[in-house]
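Undergrad: Let me give you the structure first, and then I'll get to my questions.
The values are calculated or read from the model by the stated rules, or taken from the named source; none is laboratory data. Predicted model only: the values in this text are computed from it and were never measured. Quick reminder, even Gly has a Cβ in these numbers, built from the backbone with ideal geometry, and neighbours come from all protein chains shown. With ligands, DNA and RNA removed, areas are computed over all heavy atoms of the protein, side chains included. Shrake-Rupley method; radii C 1.70, N 1.55, O 1.52, S 1.80 Å.
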Amino acid sequence: MFHAFDSSAPSRPKSPLTRPDWMALLARAPMPVLEVALAPHSVAPPRWLRAPETGLMMVQGRAGGTGERFNLGEVTVTRCALRLPGATQQDPVGVAYVMGRSHRHAQLAALADAMLQDPLQQPALEVQLLQPVRDHLAKEQARRQLRVQSTKVEFFTVARESGGADGEEEGE
């Protein structure tokens, strides 16, 4: 499951963090990183707009990445929506969709989403949460690349010496 933000282009200037970027990171974040970074903020129970629930979602694919879409299969997804404890109707809503059945992962991702929508909290969460997630995902990508590289096969051809029409070498 690779996205445009999975491959970093060195020439691309660093753009400000956008909600789709941090939501993608939170959905793939390892639970220990989420737990550590959000432990002080997850003490009080959130105000649930949609409690975590698990269901199936259809995944589509494309032949060769560019062909016609086709239904590939279903994946298990957990979603939820919440407001921070003590939030008003005008405060942001945190939403999360994560693959799998982890209600806790969805809750923490939604909590982080709601907090990241506050420009005052973004810099601290960038350092405490998002950068460790990026580092973890980069290490996983490097491990995958190393594993793939170990199975790489290099094909080469040996040039035949030029011979006569009957297959004999020249000069005989």
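Undergrad: May I ask you to verify whether Ala81 is modelled with pLDDT of 95 or more and outside any loop (DSSP other than H, G, I, E, B)? Step through it out loud before you land on a result.
TA: Numbers: modelled with pLDDT of 95 or more: yes; outside any loop (DSSP other than H, G, I, E, B): yes.
Yes; evaluated as a whole, the condition is true for this residue.
Undergrad: Which residue pairs have Cβ atoms closer than 6 Å, lie 6 or more positions apart in sequence or on different chains, and pair a first residue in region 92-112 that is closer than 12 Å to Pro52 by Cβ with a second residue that is assigned to a helix (DSSP H, G or I) and open to solvent by 40 Å² or more (accessible area, probe 1.4 Å)?
TA: Every condition considered, the pairs that remain are His105/Met31.
Undergrad: OK, next. Of everything in region 46-67, what is closer than 14 Å to Ala110 by Cα and open to solvent by less than 100 Å² (accessible area, probe 1.4 Å)? Give them in sequence order. Give the steps one after another, and end with the answer.
TA: Initially, region 46-67 is screened for residues closer than 14 Å to Ala110 by Cα, giving 46-53.
Correct list: Pro46, Arg47, Trp48, Leu49, Ala51, Pro52, Glu53.
Undergrad: On to the next question. Might you let me know whether region 68-76 holds any residue that is crowded, with 17+ Cβ neighbours inside 10 Å, of a type in the set (Val, Ile, Thr) and at pLDDT 95 or above? Give the derivation first.
TA: Kept after step one, since they are crowded, with 17+ Cβ neighbours inside 10 Å, are these residues of region 68-76: none.
No, region 68-76 has no match at all.
Undergrad: Could you count how many residues in region 17-41 are part of a loop (DSSP other than H, G, I, E, B) and open to solvent by 30 Å² or more (accessible area, probe 1.4 Å)? Working first, answer last.
TA: Just the residues of region 17-41 that are part of a loop (DSSP other than H, G, I, E, B), to begin with: 17-18, 29-30.
Adding the requirement that they be open to solvent by 30 Å² or more (accessible area, probe 1.4 Å) leaves 17-18.
Here the count works out to 2.
Undergrad: Quick check on my filter: what residues within region 90-143 are within 13 Å of Trp22 (Cβ to Cβ) and charged (D, E, K, R)?
TA: Asp113, Asp118, Glu126, Arg134
Undergrad: Filter region 113-136 for residues that are touching a residue at least 24 places away in the same chain (Cβ under 8 Å) and acidic (Asp, Glu) and give the result.
TA: As a first pass, look at region 113-136 and keep what is touching a residue at least 24 places away in the same chain (Cβ under 8 Å): 113-118, 122, 125-126, 128-130, 132-134, 136.
The answer is Asp113, Asp118, Glu126.
Undergrad: Mind counting the residues in region 84-121 that are open to solvent by less than 50 Å² (accessible area, probe 1.4 Å) and part of a strand (DSSP E or B)?
TA: 4
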